[in-house]
Amino acid sequence: MMDQKLLEQIVSQVVAALPELNQAAKTEQGIPVGVSNRHIHLSAEHIEVLFGSGYTLTKEKDLKQINEFAAKETVTLVGPKGVMRNVRVLGPVRKFTQVEISRTDGFSLGVVPPLRDSGNIQGSPGIVVAGPKGAITLKEGVICAARHIHMEENDARRFNVADGDRVTVQVGGPRGGTYCNVLIRVSPNFRLEFHIDTDEANAAELRNGDKVTLVSVGEN
């Protein structure tokens, strides 16, 4: 029979190693990448101005997040220095219109989009948005969306995080590195996905479906 003291020592060592084992499990699981190209979310009022009275968006394909989709409709962005055509509309309808572009897109258009969490458009620059039936002039609403991770409650428990937490993400590969200050967004309708824009994805040579690792919480 094993000596009681020896048994207690083994149990203590196993308990002490649990945090490292949990972190190793997270590393193996990985978080899929979703690269977010330039797009626009539209209010009901602005959909009617751009596409006509009573118009409803036409779904082209579902996105990974439940109830979200890429519409067949596109718009043209008109900035002080340039024009950007075929900017995809994403559904469903939003309470207010928000344009999400990269910093590189901002250079082309002549606007400086602030780095913001989605929905925080106060004080952001405006732009002209043109559709087949009309145009709108936004006073604000153009942002560069801050990187974030969508997940539902079970994933949040698995990664030991909560909605609103900020985490650090590790990227592998020849151009790998770490992304700090990544916002955690938790909802029953969310599915696990790390969202970054095209500038960030190109810098690390990341593509849709690649995996990254959550390495720390609250150390940004």
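The values are calculated or read from the model by the stated rules, or taken from the named source; none is laboratory data. Quick caveat: nothing in here was measured; it's all calculated off a predicted structure. So basically every Cβ, Gly included, is an ideal-geometry build from the backbone, and we count neighbours across all protein chains shown. Areas reflect the complete protein model, heavy atoms only, side chains present, ligands, DNA and RNA absent. Shrake-Rupley method; radii C 1.70, N 1.55, O 1.52, S 1.80 Å.
Some observations on this one:
- Which numbered condition residue 128 fails, given (1) closer than 26 Å to residue 53 by Cβ; (2) under 13 Å from the mean Cα position of the chain (by Cα): (2)
- One residue stands out among those in the stretch 38-79 that are polar (S, T, N, Q) and without any contact (Cβ under 8 Å) to a residue 60 or more places away in the chain: the one that is surrounded by the fewest Cβ atoms within 10 Å (Cβ to Cβ), which is 53.
- Test: residue in the stretch 193-203 that is of a type in the set (Ser, Thr, Tyr) and touching a Gly at 6+ places or on another chain (Cβ under 8 Å): no
- Single residue of the stretch 176-198 satisfying the filter (open to solvent by 50 Å² or more (accessible area, probe 1.4 Å) and closer than 19 Å to residue 36 by Cβ) that is modelled with the lowest pLDDT: 189
- Across the stretch 134-163, the number of residues qualifying as among the charged types (D, E, K, R), within 24 Å of residue 192 (Cβ to Cβ) and either in a loop (DSSP other than H, G, I, E, B) or touching a Gly at 6+ places or on another chain (Cβ under 8 Å) (or both) comes to 3.
- Residue within the stretch 99-110 that is within 16 Å of the chain's Cα centre (by Cα) and over 25 Å from residue 46 (Cβ atoms) present: no
- For the stretch 155-165, the candidate set comprises residues that are touching a strand residue (DSSP E or B) at 6+ places or on another chain (Cβ under 6 Å) and open to solvent by less than 70 Å² (accessible area, probe 1.4 Å); within that set, the residue that is nearest to residue 119 (Cα to Cα) is 165.
- Given (1) in a strand (DSSP E or B); (2) open to solvent by 40 Å² or more (accessible area, probe 1.4 Å); (3) at pLDDT below 95, index of the condition residue 170 fails: (3)
- Test: residue in the stretch 113-125 that is surrounded by 16 or more Cβ atoms within 10 Å (Cβ to Cβ), of a type in the set (A, V, I, L, M), out of contact with any helix residue (DSSP H, G or I) (no Cβ under 6 Å at 6 or more places or on another chain) and assigned to a helix (DSSP H, G or I): no
- Of all residues in the stretch 181-217, those satisfying the criterion of being within 19 Å of residue 100 (Cα to Cα) and small (Gly, Ala, Ser) are 201, 203.
- Unique residue being touching a residue at least 12 places away in the same chain (Cβ under 8 Å) and surrounded by 15 or more Cβ atoms within 10 Å (Cβ to Cβ) when the list is 146, 203: 146
- Residues that are touching a residue at least 40 places away in the same chain (Cβ under 8 Å), under 21 Å from the mean Cα position of the chain (by Cα) and open to solvent by 20 Å² or more (accessible area, probe 1.4 Å) do occur in the stretch 80-89.
- Any hit, the stretch 128-137, residues being surrounded by 13 or more Cβ atoms within 10 Å (Cβ to Cβ) and closer than 28 Å to residue 181 by Cβ: no
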